[in-house]
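The values are calculated or read from the model by the stated rules, or taken from the named source; none is laboratory data. Remember, predicted model here, so these are calculated numbers, not experimental data. Every residue, glycine among them, receives a Cβ derived from its backbone with ideal geometry; neighbour counts consider all protein chains shown.
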Amino acid sequence: MPAELAIELAMLLRQIRLFSDTPPLHRSRLFRVPTPAHAGRRRVDALRASPADLRPDLRTLMRVATRRAPDHREIAEACRAVATWAQGNGFARTAVHFAEAGAAAAPRDPHAAFIAGRTNRAVGTAWRAEIYYLRAIRKASRVRDLSTLTRAHLGLGNLFAHTGRLPQATDHFASAATTAMDCGEEWLAAQTYHDIMGLYFELDDLETALKFGQKALAAYPIHNERHPVAVHDIAVLLILKNQFTEAMMLLDLISPAPLPYEDQVLVAGSVSRAAGGLNQRDRYEAAQELVLHLGPQHDHHLDKAYVNLGFGAHALGDFELARDYAERALQVAVAKEHSYVVALSHRLMEDIDNKRPAHVPAPPLSGERAAEHQELIATLRPQMQGWRAQTWGRKENQLGPDSLGPV
């Protein structure tokens with residue numbers, strides 16, 4: 001950062017905090033004085049050294065100590081712009097200071113508190129992020145700012161999830177999903193239900209995970225990019241419950257869809273595991289061929305695909321092939337630091353070494369549960385046949401961030 005700009009930002013930050021901490025009746029006496037000549041020259045140098053798109057916001061903040069002082073919302077927006085610029089250029093502490101200064105300048109604005117929480121979470125100060133997210137939730141609830149309320153719950157849920165507090169994370173994600181539905185953002189509610197499904201999966205509560213996965217499917221817009229991924233993830237839950245028949249019915253819906261190559265690798269790996277559980281060697285070999293063809297060039301999910309190929313081979317009784325894929329999965333997972341796949345690979349190799357048999361398929365669903373699954377398949381079939389993510393008009397919302405930015 002240029003020295004002229006760094007000095008001016010430090011001076012502006014000091015003025016903003018003093019301005020925010022001073023009662024309004026006393027501000028005219030303490031702040032609205034003529035700008036000294038040396039300060040004017042310093043500001044000109046700082047503006048010359050700053051990026052062109054940042055200059056309007058800097059000029060707004062430079063008016064804090066003048067007779068044309070901006071109001072609290074203008075100060076908060078300008079602080080947000082400086083924080084965003086600083087964070088994008090690697091000046092983490094500067095970003096945090098200005099985000100928090102914006103929240104102090106606009107103490108009743110839930111959006112300003114949300115920005116401070118988001119910035120703190122981005123730079124790793126989790127405890128301060130939690131404080132500001134909770135403040136944003138309280139203020140947004142009072143003024144019925146549903147958009148900010150949704151994103152504050154999402155941000156706090158992500159914070160808790162990343163720090164291992166999964167039950168608290170699920171509570172805030174559930175609140176975010178409910179609020180998103182209330183303000184007409186079904187796509188965001190669906191993605192949040194999808195995330196809750198993942199959290200309950202980590203808690204090893206597969207039944208609850210399955211319920212939230214079904215809620216996600218009900219809420220997803222048909223052409224959302226994550227819609228087929230949600231179908232796949234529900235199939236994975238069924239595979240973990242050894243319900244290979246029902247899982248394969250779901251996987252058959254999304255296998256023909258024009259998925260991105262990395263998702264095709266993921267789905268093919270899951271198909272291979274279900275095919276192994278059903279003793280369908282031809283389906284296993286077709287899925288194996290797809291993984292080996294696409295996986296090396298599109299390796300985002302390659303470790304998961306390899307370990308599923310290993311489980312499928314183990315179920316088919318090919319222990320040598322199963323060990324080969326377990327070792328491949330372990331190598332890729334260690335490089336990617338995917339601890340869950342590392343644990344799965346070790347478990348599979350232990351099963352092979354100890355000659356443990358593969359899991360026996362669960363009996364097919366019957367009665368009411370079978371009817372519910374058939375109804376789900378009937379609903380999803382035309383959706384997956386017509387799914388084209390690129391045709392959805394709200395492309396910028398496909399993965400979450402909108403005009404408020406990421407949570």
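Values for this structure:
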{"read-out": "Residue under evaluation ALA113, criteria (1) modelled with pLDDT of 85 or more; (2) of a type outside the set (Phe, Trp, Tyr); (3) farther than 30 Å from THR22 by Cβ; (4) buried (at least 16 other Cβ atoms within 10 Å of the Cβ), criterion not met", "value": "(3)"}
{"read-out": "Count of region 136-188 residues which are of a type in the set (S, T, N, Q) and within 16 Å of THR119 (Cα to Cα)", "value": "2"}
{"read-out": "Hey, ALA230 in a helix (DSSP H, G or I), out of contact with any strand residue (DSSP E or B) (no Cβ under 7 Å at 6 or more places or on another chain) and either free of Cβ contacts under 8 Å to residues at least 40 places away in the same chain or of a type in the set (Ser, Thr, Tyr) (or both) or not", "value": "no"}
{"read-out": "Region 201-227, residues that are of a type in the set (Phe, Trp, Tyr), surrounded by 22 or more Cβ atoms within 10 Å (Cβ to Cβ) and assigned to a helix (DSSP H, G or I)", "value": "PHE212"}
{"read-out": "Residue within region 137-145 that is in a helix (DSSP H, G or I) and over 22 Å from THR178 (Cβ atoms) present", "value": "no"}
{"read-out": "Search result, residues across region 330-378 that are part of a helix (DSSP H, G or I) and in contact (Cβ under 8 Å) with a residue 60 or more places away in the chain", "value": "HIS373, LEU376, ILE377"}
{"read-out": "Residues of region 243-291 that turn out to be within 24 Å of THR379 (Cβ to Cβ), buried (at least 24 other Cβ atoms within 10 Å of the Cβ) and among the hydroxyl-bearing types (Ser, Thr, Tyr), as a count", "value": "1"}
{"read-out": "Test: ARG80 is among the basic types (Lys, Arg) and on the phi > 0 side of the Ramachandran plot", "value": "no"}
{"read-out": "Filtered residues of region 22-41 (kept if assigned to a helix (DSSP H, G or I) and either at positive phi or at pLDDT below 75 (or both))", "value": "PRO24, LEU25, HIS26, ARG27, SER28, ARG29, LEU30, ALA37, HIS38, ALA39, GLY40"}
{"read-out": "Hits in region 85-97 (condition: among the polar types (S, T, N, Q) and touching a residue at least 60 places away in the same chain (Cβ under 8 Å))", "value": "ASN89, THR94"}
{"read-out": "Test: residue in region 336-359 that is closer than 25 Å to LEU250 by Cα and in contact with a Ser or Thr (Cβ under 7 Å, 6 or more places away or on another chain)", "value": "no"}
{"read-out": "Matching residues in region 246-304 - criterion: being closer than 29 Å to ARG369 by Cβ and of a type in the set (S, T, N, Q)", "value": "SER255, SER270, SER272, ASN279, GLN280"}
{"read-out": "Scope region 201-225; condition closer than 18 Å to ALA176 by Cα and modelled with pLDDT of 85 or more; matching residues", "value": "THR208, ALA209, LYS211, PHE212, GLY213, GLN214, LYS215, ALA216, LEU217, ALA218, ALA219, TYR220"}
{"read-out": "Qualifying residue in region 159-175 (condition: part of a loop (DSSP other than H, G, I, E, B), in contact (Cβ under 8 Å) with a residue 12 or more places away in the chain and more than 30 Å from ILE222 (Cβ to Cβ))", "value": "yes"}
{"read-out": "Residue, surrounded by the most Cβ atoms within 10 Å (Cβ to Cβ), within region 171-199, restricted to residues that are over 21 Å from ASP233 (Cα atoms) and of a type in the set (S, T, N, Q)", "value": "THR179"}
{"read-out": "In region 122-157, residue surrounded by the fewest Cβ atoms within 10 Å (Cβ to Cβ) [restricted to those that are hydroxyl-bearing (Ser, Thr, Tyr) and at pLDDT 90 or above]", "value": "TYR132"}
{"read-out": "Selected residue (criterion: farthest from the chain's Cα centre (by Cα)) from residues of region 207-250 that are among the β-branched types (Val, Ile, Thr) and more than 18 Å from ILE196 (Cβ to Cβ)", "value": "THR245"}
